[in-house]
Amino acid sequence: MSKENLSFMVCCANGAGSSLMMKMTLQKVLTKLGIRPGRLHHCALSEGKSAAAQYDVVLCAQNFVSMFQDAGKKGTTVIGLRNIMSMQEMEEKLREHGIAG
């Protein structure tokens with residue numbers, strides 16, 4: 001997977017506070033890893049579920065991963081997080097999924 005111009009989507013239940021904070025955390029992690037995203041979007045689960053297949057990577061709370069099974073089958077990398085604000089966990093998960101070296 002090319003690490004440049006990947007599209008990322010982060011989702012939370014309502015698409016307001018938590019997903020915006022998660023997006024900001026992801027931006028910091030991507031900058032640290034030297035990854036320049038092509039697109040970075042935050043939204044509510046309702047939007048995310050229908051739009052997920054249009055993104056390369058989806059990040060959400062661990063308990064929402066099953067909502068993105070269809071996107072996963074179409075090639076989207078779905079990453080569940082225990083702590084959606086943890087830079088360390090995000091970095092580890094991106095590495096585990098081959099997105100970061």
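What follows draws every value from the coordinates through simple rules; no lab data is involved. Given the structure is predicted, the values throughout are model-derived calculations rather than measurements. Cβ: placed from backbone, ideal geometry, glycine included. Neighbour counts: every protein chain shown.
Within the stretch 58-71, at least one residue is buried (at least 20 other Cβ atoms within 10 Å of the Cβ) and closer than 14 Å to Val29 by Cα. Within the option set Leu20, Leu45, Leu26, Leu6, being surrounded by fewer than 15 Cβ atoms within 10 Å (Cβ to Cβ), aliphatic (A, V, I, L, M) and in contact with a strand residue (DSSP E or B) (Cβ under 7 Å, 6 or more places away or on another chain) holds for one residue only, Leu20. Restricting the stretch 51-77 to residues that are in contact with a strand residue (DSSP E or B) (Cβ under 6 Å, 6 or more places away or on another chain) and assigned to a helix (DSSP H, G or I) leaves a set whose member that is farthest from Cys12 (Cα to Cα) is Gly72. Per the conditions (1) outside any helix (DSSP H, G or I); (2) surrounded by 15 or more Cβ atoms within 10 Å (Cβ to Cβ); (3) not small (Gly, Ala, Ser), the sole criterion not satisfied by Met85 is (2).
For beta carbons closer than 8 Å, sequence separation of 6+ or different chains, a first residue in the stretch 67-91 that is farther than 21 Å from Ser50 by Cα and a second that is in a loop (DSSP other than H, G, I, E, B), the qualifying pairs are Glu89/Arg82; Glu89/Asn83; Glu91/Ala100.
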